[in-house]
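Laboratory data are not the source of any read-out in this text; all were calculated from the coordinates shown. All figures in this text were calculated on a predicted structure; none of them were measured in a lab. Reconstructed Cβ throughout: ideal geometry from the backbone, glycine too, with neighbour counts over all protein chains shown.
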């Protein structure tokens with residue numbers, strides 16, 4: 001067996017395909033996971049190129065498909081891509097801010113075979129929501145679209161990114177979701193990559209804030225269960241308050257395949273920030289990208305691990321944590337994720353926690369995600 | 001036994017050749033099903049009662065004997081996980 005064939009035998013299929021169809025977005029959320037220099041990348045794949053990616057991914061075994069961005073609704077060919085995806089047999093998820101959506105589109109996507117629309121909110125009230133989103137009309141539009149999604153018979157998933165400026169709203173957020181009839185509520189604490197890393201000090205909740213929020217969510221879970229409610233609360237707690245790292249993406253190149261707007265294929269949507277060369281779907285097949293490319297094989301297995309991961313008996317559980325976080329916090333993506341208290345760099349996590357206890361920055365001091373600010377990051 | 005199970009809206013049951021298994025797909029999630037779970041869910045169509053599903057499965061798998069207990073246990077579990085609803 002050649003080396004490539006041997007590695008192919010050990011690597012499972014990419015069951016999850018994330019199609020980031022564009023970086024364009026009408027909102028300016030300061031925790032956006034897109035790269036800081038997104039404005040540099042303005043060449044988007046064509047409809048035909050996306051169709052080819054969808055076909056190749058499905059043939060390899062991808063079953064879950066996310067249309068994401070940016071705001072995927074700005075792509076005029078989205079209905080065509082949805083119809084193709086459904087025809088291929090994907091479970092098709094649209095991950096949207098709701099801006100640019102209307103009732104006719106909600107219906108026509110349904111007819112095209114879209115399975116699920118996830119609408120994101122920034123807060124439980126219009127003032128805070130619109131301040132975070134950098135848009136005056138966002139909240140009303142989101143409410144209307146959440147109702148339209150429900151009326152059209154889709155399962156409803158509402159997503160709230162949680163940070164120090166809205167973490168006190170847990171009760172109100174859950175009330176709002178109950179009123180809207182949500183099936184799933186994602187209370188996703190900021191993950192500090194992209195714009196969120198840039199704004200970390202102004203976003204990260206304190207330990208005290210987090211403790212209150214966790215207590216409130218747990219109490220509501222119990223009430224919901226006692227009432228026999230099917231609404232599920234998914235609280236993603238910030239790994240900065242853990243002592244063991246997350247099993248990021250369930251392992252590098254193990255289940256997830258992201259294709260960025262320009263066709264760059266990535267093992268996760270943040271990996272673009274790493275000093276690794278990633279392949280492009282314009283240059284090679286998705287199969288050779290997934291199984292054979294140096295980028296995707298870079299952190300598979302554990303032979304790349306330095307200490308303390310190398311000799312750690314938990315390395316099969318968390319894979320050393322997140323490569324992007326290791327890179328952002330230590331300058332070397334090979335290192336253990338500093339979230340781990342065995343990491344020699346864990347003090348950087350502790351320093352961030354201390355800073356969160358004393359942070360005073362208001363929302364207006366954050367760097368908002370827009371093309372003007374993005375250009376600052378590659379023009380220097 | 002006269003209740004009619006149906007998949008919760010947004011849930012889809014389908015065969016995945018690459019995984020060589022049936023799966024249950026739902027918003028941003030997927031469960032790979034074992035053979036008995038697949039056999040039961042393949043009979044859940046929103047029209048048949050639990051009794052009818054049991055009867056059809058007993059006809060499909062005569063060597064398995066009485067299946068009522070297993071089917072009810074699975075459907076009860078699936079309902080608690082909110083995969084299916086009883087109508």
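Peptide packing for A:228-241, A:105-118 was compared via the average number of neighbouring C-beta atoms within 10 Å per residue; ordered from the highest value, the list is A:105-118, A:228-241. Remark: mean inter-chain Cβ contacts per residue of B:26-34 equal 5, using a 10 Å Cβ-Cβ cutoff to other protein chain atoms.
Here the range B:8-81 has an Rg and Dmax of 12.6, 37 Å, counting Cα atoms alone. Only helical runs count toward this figure. For chain A, summing -39,500 (n - 2.57) over DSSP H runs of n ≥ 4 and dividing by all residues gives -11500 deg cm²/dmol at 222 nm. Between the range A:129-200 and the range A:301-380, the alpha-carbon centres lie 25 Å apart.
Relative contact order for chain A: 21 percent, from Cα pairs under 8 Å spaced at least 6 residues apart, divided by residue count. Inter-part distance, the range A:22-73 to the range B:45-81, computed on C-alpha centroids, equals 42 Å.
Sorting the Cα pairs of the range A:1-136 by distance into bins of 5 Å, from 0 upward, gives 2, 9, 17, 19, 17, 14, 10, 6, 3, 2, 1, 0, 0 percent per bin.
Inter-chain neighbour count for A:109-122: the average number of beta-carbon atoms from partner chains within 10 Å of each residue's beta-carbon is 1. Could you work out how far apart the two model spin labels at residue A:215 and residue A:361 are, taking each label as a point 7 Å from the Cα in the direction of the beta carbon, and quote it in nm? In this crude label model, residue A:215 to residue A:361 measures out at 2.8 nm.
Once the C-beta distance of residue A:277 and residue B:21 is scaled by a Förster radius of 45 Å, the resulting FRET efficiency is 0.80 to the nearest 0.05. Rg and Dmax of chain A, based on Cα coordinates, read 20.6, 61 Å.
If a/c stays under 1.5 just call it rounded; otherwise compare a/b with b/c (prolate if a/b is bigger, oblate if not). Do that for the range A:83-133, with a ≥ b ≥ c from the square roots of the Cα gyration tensor eigenvalues. Since a/c reaches 1.5 and a/b is larger than b/c, the shape of the range A:83-133 is classed as prolate.
In plain terms, the residue of B:50, A:132, A:149 with the fewest other Cβ atoms within 10 Å comes first and the most crowded comes last, giving B:50, A:132, A:149.
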